[in-house]
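The values are calculated or read from the model by the stated rules, or taken from the named source; none is laboratory data. Note that the structure is predicted; figures quoted are calculated from it, not measured. In this analysis, Cβ positions are derived from the backbone assuming ideal geometry, glycine residues included, and neighbour counts consider all displayed protein chains. Each accessible area value is taken on the protein alone, full model and side chains, heavy atoms only, with ligands, DNA and RNA left out. Shrake-Rupley method; radii C 1.70, N 1.55, O 1.52, S 1.80 Å.
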Amino acid sequence: MRHSNPHGSGAKGPDELRRQIEHTRSQLGDTVAQLVGRADVKGRARARAADLKDKAGAMTVQLRSGAAHAGHGMQDRAARAGHQVQDRAAKAGHLMQDRAVRVGHNAQERMAKAGHLMQERAGHGGHVLQDRAAHAGHTVQHDLRVPRPVRTAMDAAMRHPKPVLIAGAAGAAVVGAAVIWRRIDRRR
């Protein structure tokens, strides 16, 4: 009895038939495995999730590496900018310090000149005042019309020429002059 093969070729012996059966079983096993794989939704989802997880891990490593590289670049730029600002601030500080020192020296020189000028003027004014006080003192001492206490004060001032005494003597001279003028006015 002969069976016809639908593909047009028949087995030519029992060995060939066994090979064909084995080949058909292998194809059928592959087909069943593919069907089982397609039917296993959980398994495919797990495989897809594992694949996505691997891709995400790789992208995370890439992003971290890129971010670290960019961070180092920004850190270097910031450090350079900070050093530039610090150098400029130091230069500006030194410049301002030099200017302040020059202005201070100029002001000190001007104040010294003004102090010397004031000292000279005060000395000259003091001598003029002392001469006038001495002249007034001599006038008051020798004028008998001036009261005796005023002449005594003038005499003490003339013997101890200190600024306070000179000022007091000048005041006494003014008082004495006022007394003299009053007496002169009364006589008229």
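Some points to look at:
- For Leu28 and Ala56, the FRET efficiency from 1/(1 + (r/R0)^6), where r spans their Cβ atoms and R0 equals 30 Å, is about 0.20.
- Considering all C-alpha pairs of region 50-100, those separated by over 15 Å amount to 67%.
- Compactness ratio for region 1-100: Cα radius of gyration over 2.2 N^0.38 Å (N = residue count) comes to 2.97.
- Accessible area in square angstrom per residue, region 35-110, 1.4 angstrom probe: 90 Å²
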